[in-house]
Amino acid sequence: MKSLKITSLVRQWRDRRISEITLIAIGTFIAALIYTGCKKESDNTTPASSANSTGSVASVIGASNDNNIAQATFVDADFIANAQVSMDNTTPTVEPDINVLGACARVTAPIQLTPSLKVVTIDYGTTDCLTNDGNYRRGKIIIASQAYPYTRTVTFSDYYLNFNKVSGSIVAYGLGFNSEHHLFFNVKIDGQVTISGIYSPSNTPKTINYTANLLKEKIVGVSTATTRDDVWLISGSATGVTKDGIPFTATIDQSSPLRKEISFPHYTSGRVSMVLAQAATAHVNSDAGTASAVKFMSTTDYSYINGYRDNLAKIAFNGSSYVMDLGAATPLAGW
């Protein structure tokens with residue numbers, strides 16, 4: 001593929017006007033990672049700067065967790081699709097990559113819709129299947145790939161990840177290579193993750209709404225046939241509504257993009273800044289003595305403990321920091 005300047009890539013990312021309607025109509029979409037917990041670092045104290053500081057901390061931690069779950073879910077689905085359909089060969093393979101998809105996945109032969117548009121389905125069956133990355137999956141991932149210009153759309157049919165149901169779509173646009181031979185995609189996400197009631201004390205499912213516009217840069221593994229050595233940098237921003245109904249925005253810091261090593265389940269570095277528009281019931285008193293809505297700002301740092309391969313991230317909020325447990329930190333089986 002012809003080499004592109006990085007400035008040209010960014011311009012394509014911003015100005016792209018490719019129609020998404022035809023591809024998005026081919027299915028329904030995604031699910032989420034198991035809930036995780038947070039604990040406050042022992043060397044800090046909780047500031048009493050607002051009358052609702054305890055609720056504020058809980059809201060910020062919950063929103064950071066919801067953003068992490070939603071983003072990780074959709075990025076995971078896009079990586080699965082990328083492993084099944086490469087940019088250089090837009091014909092999906094019938095044999096699944098066992099290391100990525102798991103032994104229980106069945107892949108249908110590609111269906112040719114138009115001369116340049118093909119559809120393949122990854123079917124995990126109707127019962128929960130433990131895949132090689134330690135996650136439970138069931139249902140179908142549907143991938144539509146178009147050759148020119150390269151576009152890959154992921155949708156889902158009754159798909160569950162770790163018992164959480166996902167709906168919506170992912171559309172990935174191939175932007176080509178820069179002068180360093182790094183591969184770029186613009187990835188647009190619009191979906192919902194419904195958290196299973198098994199993770200709630202009230203046994204009530206709750207939904208996270210999530211929309212994102214991301215730029216993915218493949219910095220390692222471009223020239224190899226396997227996906228096992230792939231390393232990606234992810235930048236961009238997202239908006240959403242937490243499972244508790246609180247709107248938020250999340251922006252990946254340009255100076256510290258998220259680093260995703262495919263052979264490891266979590267980001268190993270990167271920083272996300274969040275603004276949380278608190279629910280109407282959470283107020284502080286203004287100088288005039290009247291109630292006003294609160295906006296909380298926080299930062300989630302995945303580089304916590306020097307960017308090691310661990311399951312920890314640090315949330316900084318209102319002068320204090322809290323450690324977020326992302327779940328199991330075991331490298332993927334067989335990698």
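The values are calculated or read from the model by the stated rules, or taken from the named source; none is laboratory data. Note that the structure is predicted; figures quoted are calculated from it, not measured. When we count neighbours, we look across all protein chains shown, and the Cβ atoms used for this are built from the backbone with ideal geometry, even at glycine.
Taking the numbered list (1) among the aliphatic types (A, V, I, L, M); (2) surrounded by fewer than 20 Cβ atoms within 10 Å (Cβ to Cβ); (3) in contact with a strand residue (DSSP E or B) (Cβ under 7 Å, 6 or more places away or on another chain) in turn, Val187 passes all entries but (2).
Flag not set for Ser157, criterion: part of a strand (DSSP E or B) and either touching a Cys at 6+ places or on another chain (Cβ under 9 Å) or farther than 20 Å from Cys129 by Cβ (or both).
Looking at Ser237, Ser223, can you tell me which residue is assigned to a strand (DSSP E or B) and hydroxyl-bearing (Ser, Thr, Tyr)?
Ser237 is the lone residue from the list that is assigned to a strand (DSSP E or B) and hydroxyl-bearing (Ser, Thr, Tyr).
Each residue in the range 215-240 was checked for being of a type in the set (A, V, I, L, M) and free of Cβ contacts under 8 Å to residues at least 60 places away in the same chain, and 6 pass. Considering the range 102-112, the residues that are within 24 Å of the chain's Cα centre (by Cα) and of a type in the set (Gly, Ala, Ser) include one that is farthest from Leu161 (Cα to Cα), namely Ala103.
From the set of residues in the range 160-195 that are of a type in the set (S, T, N, Q) and in a loop (DSSP other than H, G, I, E, B), which is farthest from Asp128 (Cα to Cα)? Filtering the range 160-195 for residues that are of a type in the set (S, T, N, Q) and in a loop (DSSP other than H, G, I, E, B), the one farthest from Asp128 (Cα to Cα) comes out as Ser179.
Yes/no matrix, rows are residues, columns are (1) surrounded by fewer than 18 Cβ atoms within 10 Å (Cβ to Cβ); (2) within 21 Å of the chain's Cα centre (by Cα):
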{"site": "Thr114", "(1), (2)": "yes, no"}
{"site": "Ile122", "(1), (2)": "no, yes"}
{"site": "Leu130", "(1), (2)": "yes, yes"}
{"site": "Asp133", "(1), (2)": "no, yes"}
{"site": "Ala147", "(1), (2)": "yes, no"}
{"site": "Arg152", "(1), (2)": "no, yes"}
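Count of the range 271-324 residues, restricted to those that are assigned to a loop (DSSP other than H, G, I, E, B), within 17 Å of Ile246 (Cα to Cα) and either among the small types (Gly, Ala, Ser) or modelled with pLDDT of 90 or more (or both), is 3. Would you check if Thr126 is within 19 Å of Asn164 (Cα to Cα) and either in contact with a strand residue (DSSP E or B) (Cβ under 6 Å, 6 or more places away or on another chain) or at pLDDT 90 or above (or both)? Yes, satisfied. Looking at Gly139, Gly168, which is the one that is buried (at least 21 other Cβ atoms within 10 Å of the Cβ), modelled with pLDDT of 95 or more and within 20 Å of Thr108 (Cβ to Cβ)? Only one candidate qualifies: Gly139. When you check Thr90 against the structure, is it crowded, with 17+ Cβ neighbours inside 10 Å, outside any helix (DSSP H, G or I) and modelled with pLDDT under 85, yes or no? For Thr90, the condition - crowded, with 17+ Cβ neighbours inside 10 Å, outside any helix (DSSP H, G or I) and modelled with pLDDT under 85 - is met.
Of the listed requirements (1) under 26 Å from Asn311 (Cβ atoms); (2) part of a loop (DSSP other than H, G, I, E, B); (3) touching a residue at least 12 places away in the same chain (Cβ under 8 Å), Ile198 misses just one: (2).
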